[in-house]
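Q: Supplied in structure tokens, the structure appears directly below.
The values are calculated or read from the model by the stated rules, or taken from the named source; none is laboratory data. Worth saying up front: this structure is predicted, and the values here are computed from it rather than measured. Here the Cβ is made from the backbone with ideal geometry for all residues, glycine too, and neighbour counts use every protein chain on show.
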Amino acid sequence: MPEDPRVAYRLCPRCLRAVPVQSGERYCVNDGTRLLEHCPACGAGITSPYSRYCAGCGQALAAQDGKEGPSPRLQRGET
Ligand SMILES: [Zn+2]
Ligand SMILES: [Zn+2]
């Protein structure tokens, strides 16, 4: 099987934890969320472990639905 020259990652949409595809992880070990392999909007691969937005279309990769309310970490005033 030819090796893909691009390093690819899977990204947890909940906690933004990234793991290399080679790790074989499919679910976030932190919270059990299914990891994203591709941008949900345009299908572009995730090529950086620091991706928070799609490099191809700018779509936010983190979950946007607010099912659990806003993250407390978004509050300002953290010291
Ligand atoms: Zn996670
Ligand atoms: Zn995209």
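Q: Of the conditions (1) away from ligand 2 (no atom under 13 Å from the Cβ); (2) at pLDDT below 95, ARG10 satisfies every one except a single condition; which number is it?
A: Result: ARG10 passes all but (2).
Q: Give just the number: which of (1) more than 16 Å from ligand 2 (Cβ to nearest atom); (2) modelled with pLDDT of 95 or more does LEU74 not satisfy?
A: Checking LEU74 against (1) more than 16 Å from ligand 2 (Cβ to nearest atom); (2) modelled with pLDDT of 95 or more, the one that fails is (2).
Q: Which of the residues belonging to the stretch 19-44 are within 16 Å of ligand 2 (Cβ to nearest atom) and either of a type in the set (Gly, Ala, Ser) or over 11 Å from the mean Cα position of the chain (by Cα) (or both)?
A: Those that are within 16 Å of ligand 2 (Cβ to nearest atom) and either of a type in the set (Gly, Ala, Ser) or over 11 Å from the mean Cα position of the chain (by Cα) (or both): ALA41, CYS42, GLY43, ALA44.
Q: On to the next question. Which one is farthest from PRO13 (Cα to Cα) among residues in the stretch 25-52 that are modelled with pLDDT of 95 or more and of a type in the set (Ser, Thr, Tyr)?
A: So, considering only residues that are modelled with pLDDT of 95 or more and of a type in the set (Ser, Thr, Tyr), the one farthest from PRO13 (Cα to Cα) is TYR27.
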